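Scroll down for the structure; my scribbles are underneath it.
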Amino acid sequence: MKYDGIFFDSGGTIYGFSDADSADPNHSQVAAAMAERAHAALSWLGISVPLDELTDHVRQLNQEARTSPPGYTEETLVRLLFERLGQDPRNDHIVYVTGVVSGPRFSSWLFPGVAETLTTLSEAGLYMGIIANTHVPGWVMDRNFRGVNLLHHFSTRIYSGDEAIEKPDAEIFRIAEAESQMAGKRLIYIGDRVDKDVAGAEAAGWDSILFRSSESTSEGRATFEIDHWAELPDILA
């Protein structure tokens, strides 16, 4: 193959977050129900908080997250929520509530051809990994990839919340190279954002693929541009 390894973005590249033909909740619905999930999880632990009060706390903490450094994750949010509520931030409680609050990912959110293409690339022996900007803790991201039967494809998974570094910083690509032991190899990155994904790969000296789910062109910056996952094997062969 032309490349020794490929790393993928997550949201907007693997997940499209909705399917009009599916009965599954879409991404917006899952995000909107965060406070309700927190309420249910806290109630199960015997912590009683009115839902409207909890909704206000979650809204404020989510607003803070937008301007917080990359190391801020939903686990950070839950820990701060416990502090606001005057509750003992026991780690077992924090982890349990975080797993519930973060919410699910569904197979129906995957772009068409994702599972089939990853299987084809795996069978061809191509090394594959993830580099994602996300507020979701890495262990929850792994759980979600396992839930949609994709985790086994990705040997190395680098999440900005765990590393406190985000794309387009080349350092997050260096971390991926080190953990995968692929430094100096022929590597390519695929994502849907020019400013984060293409620019980050460029800064790291990698080739790049723009998956045109949200931007129509990289104006020549990406090595390749595609509209469908089924195009990937021919590019990489």
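The values are calculated or read from the model by the stated rules, or taken from the named source; none is laboratory data. Just so we're clear, the structure is a prediction, and the values are computed from it rather than from any experiment. With ideal geometry, Cβ positions are generated from the backbone for all residues, glycine too; neighbour counts draw on all protein chains shown.
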Subject >> So residue 61, is it within 29 Å of residue 167 (Cβ to Cβ), in contact (Cβ under 8 Å) with a residue 24 or more places away in the chain and surrounded by 13 or more Cβ atoms within 10 Å (Cβ to Cβ) >> reply: no
**OP:** Report yes if residue 206 is touching a helix residue (DSSP H, G or I) at 6+ places or on another chain (Cβ under 7 Å) and within 19 Å of residue 115 (Cα to Cα), otherwise no.
**Re:** no
**OP:** Check residue 50 against each of (1) in contact (Cβ under 8 Å) with a residue 40 or more places away in the chain; (2) in contact with a His (Cβ under 9 Å, 6 or more places away or on another chain) and name the one condition it does not meet.
**Re:** (1)
Subject >> Filter pass, residue 177 being surrounded by 19 or more Cβ atoms within 10 Å (Cβ to Cβ) and either over 25 Å from residue 24 (Cα atoms) or assigned by TED's automatic domain parsing to the domain that holds residue 229 (or both) >> reply: yes
Original post:
Looking at residue 76, is it β-branched (Val, Ile, Thr), within 22 Å of the chain's Cα centre (by Cα) and assigned to a helix (DSSP H, G or I)?
Top reply: yes
**OP:** For residues that are loosely packed, with under 13 Cβ neighbours inside 10 Å and touching a residue at least 60 places away in the same chain (Cβ under 8 Å), tally how many sit in the stretch 64-82.
**Re:** 1
**OP:** Give the stretch 148-190 a look and list any residue that's free of Cβ contacts under 8 Å to residues at least 24 places away in the same chain, among the hydrophobic types (A, V, I, L, M, F, W, C) and part of a loop (DSSP other than H, G, I, E, B), or say none.
**Re:** 183
**OP:** Give 12, 46, 71, 5 a once-over and let me know the one that is at positive phi and out of contact with any Ser or Thr (no Cβ under 6 Å at 6 or more places or on another chain).
**Re:** 46
Original post:
What about residue 186, is it surrounded by fewer than 22 Cβ atoms within 10 Å (Cβ to Cβ) and within 20 Å of the chain's Cα centre (by Cα)?
Top reply: no
Original post:
Is it the case that some residue within the stretch 164-173 is under 26 Å from residue 219 (Cα atoms), small (Gly, Ala, Ser) and surrounded by fewer than 21 Cβ atoms within 10 Å (Cβ to Cβ)?
Top reply: yes
Original post:
Does the stretch 123-131 include one or more residues that are more than 30 Å from residue 5 (Cβ to Cβ) and small (Gly, Ala, Ser)?
Top reply: no
**OP:** Please specify each residue of the stretch 11-50 satisfying the condition of being under 15 Å from residue 106 (Cα atoms), of a type in the set (S, T, N, Q) and part of a loop (DSSP other than H, G, I, E, B).
**Re:** 13, 18, 22, 26
**OP:** Pull up the stretch 94-115, narrow it to residues that are among the small types (Gly, Ala, Ser) and in a helix (DSSP H, G or I), then point me to the one that is farthest from residue 47 (Cα to Cα).
**Re:** 115
